[in-house]
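The values are calculated or read from the model by the stated rules, or taken from the named source; none is laboratory data. Note that this is a predicted model, so its numbers are computed, not measured. All Cβ positions, even for glycine, are placed from backbone atoms using ideal geometry, and neighbour counts span all protein chains on display.
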């Protein structure tokens, strides 16, 4: 399993599409970290970019995000990537919460930002 986390300053970036890079963690069946890579981004709006395709090419299964729009969610889901948002913490804490199943799946979907309407 591979988990992607939009990252800026070692925190979960508040805006999925504009992050500095994605921290990608590979977990084994026991949810132990067995690998970590970074995927740099073009910092474009997630709903209008090919980020979902890039993440799918990296074989990402889950996206842990802070804020994310409906358009980006649809693109990720079309690539069979589960989206869990609402993480407002460090990357390590978000991953730990996911591994421990200590998070809420209910979150507010971003509907408009910086002139980009989802």
- Note on the structure: Those residues of the range 1-37 which are more than 15 Å from residue 62 (Cα to Cα), part of a loop (DSSP other than H, G, I, E, B) and in contact (Cβ under 8 Å) with a residue 12 or more places away in the chain amount to 10, 13, 14, 15, 19, 20
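Got a number for residues in the range 73-84 being buried (at least 18 other Cβ atoms within 10 Å of the Cβ) and in contact with a strand residue (DSSP E or B) (Cβ under 8 Å, 6 or more places away or on another chain)? Spell out how you get there, then give the answer.
Within the range 73-84, the first condition is being buried (at least 18 other Cβ atoms within 10 Å of the Cβ), and the residues that meet it are 73, 75-76, 81, 83-84.
The next check asks that each one be in contact with a strand residue (DSSP E or B) (Cβ under 8 Å, 6 or more places away or on another chain); those that pass are 73, 76, 81, 83-84.
The qualifying residues number 5.
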- residue 28 under 16 Å from residue 87 (Cβ atoms), surrounded by fewer than 16 Cβ atoms within 10 Å (Cβ to Cβ) and modelled with pLDDT of 85 or more: no
- Query: From the residues in the range 38-61 that are at pLDDT 90 or above and assigned to a loop (DSSP other than H, G, I, E, B), which one is farthest from residue 81 (Cα to Cα)?
  - Reply: 58
- Query: If residue 64 passes every condition in (1) surrounded by 13 or more Cβ atoms within 10 Å (Cβ to Cβ); (2) modelled with pLDDT under 95 but one, which one does it miss?
  - Reply: (2)
